[in-house]
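Comments concern the structure below.
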Amino acid sequence: MEIFNLRAGEDFIRLGQVLKAAGLAESGSEAKEVIQDGLVLVNGETETRRGRKLRKGDIASYDGKEIQIG
């Protein structure tokens, strides 16, 4: 599992942003597609909103890879 640390002063990151920043999606449009297609899980449940706010402790998974927000 990869840890993605929030920047100092930030309380959250949006799902689409973290997929792109962690290299699980090559672009914002690819992140949007895989999220809308129901291929991304957040804390074990399918998430179809790319604007979903992820906070410390949340886990996003896609394509067999997991990212924990730290």
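The values are calculated or read from the model by the stated rules, or taken from the named source; none is laboratory data. Because the structure is predicted, anything quoted here is derived from the model rather than measured. Virtual Cβ from ideal backbone geometry, glycine too; neighbours counted across all protein chains shown. Heavy atoms of the whole protein, side chains included, go into the accessibility calculation; ligands, DNA and RNA do not. Shrake-Rupley method; radii C 1.70, N 1.55, O 1.52, S 1.80 Å.
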Can residue 35 be described as exposed (fewer than 13 other Cβ atoms within 10 Å of the Cβ) and outside any loop (DSSP other than H, G, I, E, B)?
no
Just give me the residues in the stretch 38-70 being open to solvent by less than 80 Å² (accessible area, probe 1.4 Å), within 9 Å of the chain's Cα centre (by Cα) and either of a type in the set (Lys, Arg) or at positive phi (or both), in sequence order.
52
Can you pull out the residues in the stretch 4-32 that are acidic (Asp, Glu) and open to solvent by less than 90 Å² (accessible area, probe 1.4 Å)?
10, 30
